[in-house]
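A short write-up of the structure that comes next.
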Amino acid sequence: MMKSGKAAMVRMVTAFGLAGLTLALAGCSSTAVDEPPSIYSATMAKPVPTDVYPVIEGKLPAASTQMSNEEAASQSARLTALGNARSSGQISEAEYQRRLKELQLLAANHGADTLKQIQN
């Protein structure tokens, strides 16, 4: 009775071992699954149209060149010198107002003038 029980146990362990080995080997073989791409990847794969407005992809070009540090320092020095000359009395109030008006006109018209240069 012991021998038949032991033999049955060995057969059962062998059967489970073979079944496990079969499952393990079946798991190693992979088949290609045709999944549709996600909405995100399908959207990102599309070519980006460049003829529509507004274009929000990529780096946008500047409308004009940026003022350099040297130009900014020069302008600041000019304005500081003008203020110092006025406060020390080196220039008259009329001259100060003339120069101030000149700078204000430059500020008012600079955008429109630059736009005309860009468009031409």
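Key figures
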{"quantity": "Output for segment 93-117, where each listed residue is more than 42 Å from the chain's Cα centre (by Cα) and either surrounded by 11 or more Cβ atoms within 10 Å (Cβ to Cβ) or of a type outside the set (Gly, Ala, Ser) (or both)", "calculated": "Glu93, Glu95, Tyr96, Gln97, Arg98, Arg99"}
{"quantity": "Pairs, first touching a residue at least 12 places away in the same chain (Cβ under 8 Å) in segment 88-114, second part of a loop (DSSP other than H, G, I, E, B) and open to solvent by less than 90 Å² (accessible area, probe 1.4 Å), C-beta under 7 Å, six or more apart", "calculated": "Thr114/Ser64"}
{"quantity": "Residue check for Thr80: modelled with pLDDT of 85 or more, β-branched (Val, Ile, Thr) and part of a helix (DSSP H, G or I)", "calculated": "yes"}
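The values are calculated or read from the model by the stated rules, or taken from the named source; none is laboratory data. None of these values were measured; they are calculated from a predicted model. Because the Cβ atoms are built from the backbone with ideal geometry, glycine has one as well, and the counts that use them run over all protein chains shown. Accessible surface areas use protein heavy atoms only, side chains included; no ligands, DNA or RNA. Shrake-Rupley method; radii C 1.70, N 1.55, O 1.52, S 1.80 Å.
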